[in-house]
Amino acid sequence: MSTATTNGKTAARTARRNPIAGILTWADDRTGLATASKKQIRKVFPDHWSFMLGEIALWSFVVLLLTGTFLTLWFKPSMGEVVYNGSYDQLRGVSMSEAYASTLHISFDVRGGLLMRQMHHWAAMLFVGAMFVHMMRVFMTGAFRKPRELNWIIGGLLLQLGILEGFAGYSLPDDLLSGTGLRIAQGLMQAVPVVGTYVSFFVFDGEFPGDAIIPRLYTVHVLLIPGILLALIGAHMLLLVYQKHTQWPGPGRTNENVVGYPMLPVYAAKAGGFFFIVFGVTALMGGLMSLNPVWRFGPYNPSQVTAGSQPDWYMGVAEGLLRIFPGWETHIFGFTISWNILIPGVVLPGVIFTVFFAYPFLEAWITGDKREHHLLQRPRNAPTRTAFLVGMMTLYGLLWAAGGNDILAVTFHLNLNYITYFMRVAVFVGPVIAFLITRRWCISLQRADRDRLLHGFESGIIMRSPEGAYAEKHLPISVDEAYTLTARDRDELVQAPTPADENGVANRKVRMMRLRARLSQYWYGTAIQKPTAQELEEAQHHAEHELEVHEDGHQHLESGDYSGEYEFDGHAADGHQFDGRHAIEGEELRKH
Amino acid sequence: MTEHDNPTGTTPQPRGGHGTDVATVEPAGDPIADPGMHPHEPRPTDVDEKAARRAERQVATLFGLSSLFAILCVVSYFAFPIGDDPAIILGFGASNVALGLCLGLALLCIGIGAIQWARKLMSDVEIVEARHPVASSEKDREEAVVALNQGISDSGIARRPLIRNSLIGALAALGLPAIVFLRDLGPLPGGDLSSTVWKKGMRVVNDVAGTPIRPEEVEIGQLINAEPGVFFEENAEGEPKFEGTHLNQAKGKAAVILVRMKPSDITPAKGRENWGVDGILCYSKICTHVGCPISLWEQQTHHLLCPCHQSTFDLADNGKVIFGPAARALPQLPIMVDGEGYLVAQSDFHEPVGPSYWERGER
Amino acid sequence: MRLISARLSAKRRSPLAGLVVLLLGLLLTGGAYAVLAPANAQTDPADQSTIAKGRSLFLVGCASCHGANGEGIVTKNGTQYGPPLAGVGAAAVDFQVGTGRMPMARPGVQAARKKVVYTPDEIEALAAYVASLGPGPAIPERDAYDPSTIPEDERNEAIVRGGQFFETNCTACHNFAASGGALPGGKFAPSLRGVSNRHIYEAMLTGPQQMPVFSDGVLKSSEKRDIIAYLNSIEEAPNYGGATLGSLGPVSEGLFAWIVGIGACVGFAIWIASSSVRSKKGIKA
């Protein structure tokens, strides 16, 4: 606004014509936001469906905040005992905690309450699910590489907190299922060596179940974790805006720029629209698909249990680990160490998350890559990493299935015990097989890309030589595609230190350097590199040679050579002029 | 490589006039030069006013539909009663389904409309924004370091270690109240986990109903989910002895199951020969793995399965673990018949029930 | 006792009368008197012709596993091929045959519910014959299992009570919504949906296959009826929150969250980011 430099009359007129400008001026006079936002308003975001997976998580979080706030208006986080007197006939007159009674009240006596409860629960499952999908996308495309390692870690914290938050929410209604979940959590705490019983008594204010856990979890669920989640989401987004989004390589898309649509209006409309879509999908799910029918489970009672007692899906891995672990326990000096709970419940999740957080640094160390990366890698171009992810996904899937082994058994008429035995082996073998297959698969795809660059694409045009041999004509790919295929880094092996370098370096360091060189060798070992300019040229010469027209005006097939590179000669069959590859103006079927 | 002389060659050609000589590119670099962005291709809505108007109508219709669904949602709110006589559509709770459907469609229409608007009518010219290095410039870094050092040196923290160290000590000491203040989160465990309310002569009663059990009422193959009789007793004031949290805590340890097998099938361990009554045995209902109540009893195999993690115990063989993650046998409660002919406990459990813990000992 | 003596006199005329009397006498003296109580409920004493008809059906359809006289068959390894049937009672036959579990198509760990092979008359005859082998629970009277016999004003209370018994005694195997659950070794607790009230009652009474017995002595007849009332009430209740997704708990819910929820959102994302149709006309002047 230039109101300051014009006379009062003009300014007044401008303000009247454009009240928004007036408000903006008022705000900027006090905050100076114009400087900060002038670039952000038209900030560029690249467009790709896989960049919207994180948005699903973000928008489900917003849905969670909205529906969750609605639920707090009626939910009573108390384990005080009341006699139910609400609308659900089958439980009228039963003693239960206030938490459970108020959950029933929300479900049966608040219009829209059941919908909000179900939406809240579905959104929670979507929230964690979308974080997982988003994380896999980031991992598979190498978007966690420098300078984005911090955002990878923030994302990992978000995922962990999201899972915790979900578990806290799952425990709040105090129905039979949530109580069973808490009982298992208490068993895990109690198994921790030395301090286990103390931790359990402090968390539950005495013996399980006590009367404190639900009010305490409620504070954690509605205040503590959402607060941290909000702060971390803020940091995640700020870093994203500051570093600008990664993009796929392509014509005009380089490591030094970002190509896409401006925040206002296109991205705002798309992201805003997507919020409504995620919200709408959640509402439809909440309206049409029943989940966690707490009234069927009944109030928690430490002497009751139901078949199909499972946690929500995101805890399925922990559940699967607990289920398939053998019953190992050690008694030593009068003390008990429960490996059967400790390892699957405490140690392995710790190991998994440590590897998770350390991964970007591990990979950077192995590859020796310290450059900034803003262009994404196709999964095939990082075969070892992609294979590692698929191995982990396989492990995750197997453990998840192991966590539902009873449901699998009853649904598919399988033997429960055999599923467990199978899983005990499969969790070791399956990921390795998946890793090896994926790695080979990626390398084959890389090879196909290379062939396409060097020899062009299969045109589908079958040529017949005068000798009667048939061959398919290969045509060159477009320059855009060729550029996109080659817009990736050449993998560089880390060199093992030479004896000369080793002089004066501590033994340990030399060993680490050797290990690193070996890992690097394995990491990149068999990957296919993009062709060099020279190779491209040679391939072209080869093609030219083959396509030389002989003196008699025809091509001749060299004996034993069916490579299929022939000059298009003679006429295509009638009708092929309409094959969609050419402009059809002026073309017509030949007259006979 | 010469340019444009061989349009059928397999090497892709750089577009237009800015093709670089590929042969000069280093092997490590890109063998193909960046052909640059495409010129913007218009959409039908960019060039055809009719198409644009059609898209406009489409978007407006979607937004209009959204308002309609929002109104329908409000109508459903009042039209379909809930409570003890709910309206039902096709076997579903009408209120929930109608509200969810209308709300969902109202939201989806806004979302789809907005996106259709962006896709069809908003400018779709791609914009290029240059990236700047994430790191600050070398000069800025140096200035920051200088400023930092200036600040540190002005504070004198390096020159006066006494202040520094005593401050560190003070801050560390503040951690103590932060931890100690949490002490009253709960009582110390003491021996609470090693005993239950069971004691000599306490009746074993049917859960829910609270009726005492005579051995002759129990058939072979029978399973009874039972509790200590004290849970159903009242004190002098006519109030239950156990209720609410207190009851749940006691139940979490004392819940038992009674089963009856053919005495010939049972192989009692040494010292347990007299723990049952005519093949009726009583076991803790709390799994020794992580504490789920277990009552999936197979009467023919005498196996008891935990529905949570599938630990399986053989009740004919002293509750031994035969499958799954549990490490310890299910504790057995010795029972006998009292003077009135009802089943009662001989004593409390001889070992702590439920999941293992560090100090539970080797019992 | 009047009914029992009537039954005995009826059986004395049958070819197996001697054996039956002997068995019955042994069992009575063996202290199994209490078990006889449900047998008292048997209304019409099976007459000889029904038992004879039952026996002929038994010899054709059941004897190959259970033995010609229902004494059971033990395999060479010492395991039961078909268990002995003396003392299982008419209720067990009515349940096993009336739900199609017996005759089994082939020996296996568990007989599953399937199409009923015999007519009601034939089942009655089989039941009468097996009941004649030894005293056991009789087919219950309608009053015992039919919740509609509960007075209207007490019915809700009965349903609530039944729910408590159900949660305590049944959900561990049959799941919170009675949709069934897994047991060790390929066995399973079946879904209770669509099972007739009488068969549910008989199952509790007789403990078929791996299911434990819930005898009338401990779980009173009226308490069983309350459980049935609860089961009927949840079967009649609407699905308040929409489709039940199999009522199997969080596993199937998680599956739907991924397939429907994540699936739909990712589908929309693909649509949002897809490039729209381009015009070949070129930009208007």
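Amide H to amide H distances under 5 Å link A:VAL94 with A:TYR84, where only residues 5 or more positions off or on other chains count and H is placed in the peptide plane. Taking Lys and Arg as +1 and Asp and Glu as -1, the other residues whose beta-carbon sits under 11 Å from that of A:GLY273 total +1. For segment A:376-516, rounded, prolate or oblate, judged on the Cα gyration tensor with a ≥ b ≥ c (square roots of eigenvalues), a/c < 1.5 rounded, else prolate if a/b > b/c? Here segment A:376-516 falls in the oblate category. For peptide B:80-93, the mean count of partner chain Cβ atoms within 10 Å of a residue's Cβ comes to 5.
Across segment A:392-397, rounded Karplus estimates of 3J(HN,Hα) from the backbone phi angles (6.51 cos²θ - 1.76 cosθ + 1.60, θ = phi - 60°) give 5, 4, 5, 4, 4, x Hz, Gly and Pro being marked x.
C:ASN69 to C:LYS220: FRET efficiency via 1/(1 + (r/R0)^6), r the Cβ-Cβ distance, R0 41 Å, to the nearest 0.05?
The calculated FRET efficiency here is 0.75.
In order along segment A:186-197, phi translates into HN-Hα couplings of 5, x, 5, 4, 4, 7, 5, x, 6, 9, x, 5 Hz, rounded to whole numbers, per the Karplus curve 6.51 cos²θ - 1.76 cosθ + 1.60 with θ = phi - 60° and x for Gly and Pro.
Of the residues B:VAL256, B:VAL146, B:VAL125, the one that moves most in a GNM of chain B with alpha-carbon contacts below 10 Å is B:VAL125.
Sorting the segments A:352-358, C:65-71 by their mean number of nearby beta carbons within 10 angstrom, highest to lowest, gives C:65-71, A:352-358. Remark: segment B:48-57, residue by residue, has Karplus-estimated 3J(HN,Hα) of 10, 4, 5, 4, 5, 5, 5, 5, 4, 4 Hz, where x stands for each Gly or Pro and the curve is 6.51 cos²θ - 1.76 cosθ + 1.60 at θ = phi - 60°.
Normalised by the number of residues in chain A, what is the relative contact order in percent for Cα pairs under 8 Å and 6+ residues apart?
14 percent
Residues whose amide H lies under 5 Å from that of C:ALA189, counting only those 5 or more places away or on a different chain, are C:GLY181, C:ALA182, C:LEU183; hydrogens are built 1.01 Å from N in the peptide plane.
The mean number of Cβ atoms from other chains found within 10 Å of a Cβ in peptide B:298-305 is 6, as a whole number. The mean sequence separation of alpha-carbon pairs under 8 Å and at least six residues apart, normalised by the residue count of chain B, gives a relative contact order of 11 percent. Only helices enter this figure: runs of n ≥ 4 DSSP H residues, each worth -39500 (n - 2.57), summed and divided by the residues of the protein assembly as shown, yield -15000 deg cm²/dmol at 222 nm to the nearest 500. Per residue, the convex hull spanned by the Cα atoms of chain B measures out at 479 cubic angstrom. Shielding of peptide A:438-449 by partners, expressed as the average count of other chain Cβ atoms within 10 Å per residue Cβ, is 0. Between segment B:195-233 and segment C:116-179, what's the alpha-carbon centroid distance in Å? A separation of 24 Å, based on Cα centres. Sorted ascending by nearby beta carbons within 10 Å, beginning with the fewest, A:SER60, C:SER221 become C:SER221, A:SER60.
Give the shape of the protein assembly as shown as rounded, prolate or oblate, defined through the alpha-carbon gyration tensor: a ≥ b ≥ c are the square roots of its eigenvalues, a/c under 1.5 means rounded, and otherwise the shape is prolate if a/b is larger than b/c and oblate if not.
Numbers: a/c = 1.98, a/b = 1.70, b/c = 1.16.
Judged from the Cα gyration tensor, the protein assembly as shown comes out prolate (a/c at least 1.5, a/b above b/c).
Report the relative contact order of segment B:44-120, percent, no decimals, based on alpha-carbon pairs under 8 angstrom and at least 6 residues apart.
RCO, segment B:44-120: 41 percent.
Measuring between alpha carbons in the structure, the pairs from B:LYS262/B:LYS320; B:LYS199/B:LYS285; A:LYS38/A:LYS370; C:LYS76/C:LYS187; B:LYS285/C:LYS114; A:LYS76/B:LYS241 lying more than 28 angstrom apart are A:LYS38/A:LYS370; B:LYS285/C:LYS114. For B:LEU333, nonlocal amide neighbours, meaning residues 5 or more places apart or on other chains whose placed amide H falls under 5 Å from its own, are B:CYS282, B:TYR283, B:SER284. Kindly provide log₁₀ I(q)/I(0) values, in the same order as q = 0.13, 0.20, 0.23 Å⁻¹, from the Debye equation applied to equal alpha-carbon scatterers of segment C:141-254. Treating every Cα as an identical point scatterer, log10 I(q)/I(0) equals -0.50, -1.13, -1.41. For B:LYS120, the lysines whose Cα comes closer than 24 Å to its Cα, not counting residues fewer than 8 places off in the same chain, are A:LYS43, A:LYS270, B:LYS50, C:LYS280, C:LYS281, C:LYS284. Label-to-label distance, A:GLN534 versus A:TYR470, with points set 7 angstrom from Cα along the beta-carbon direction: 4.0 nm.
For the listed peptides A:148-160, A:306-318, C:239-251, a ranking on the average number of other beta carbons within 10 Å per residue, highest first, reads A:306-318, C:239-251, A:148-160.
Shape class for segment B:193-360, computed from the alpha carbon gyration tensor (a ≥ b ≥ c): oblate, with a/c not under 1.5 and a/b at or below b/c.
No value in this document is a laboratory result; all are computed from the given coordinates. Computed from a prediction, not measured in an experiment: that's the story for all the values here. Please note: Cβ atoms are built from the backbone with ideal geometry, for glycine as well, and neighbour counts cover all protein chains shown.
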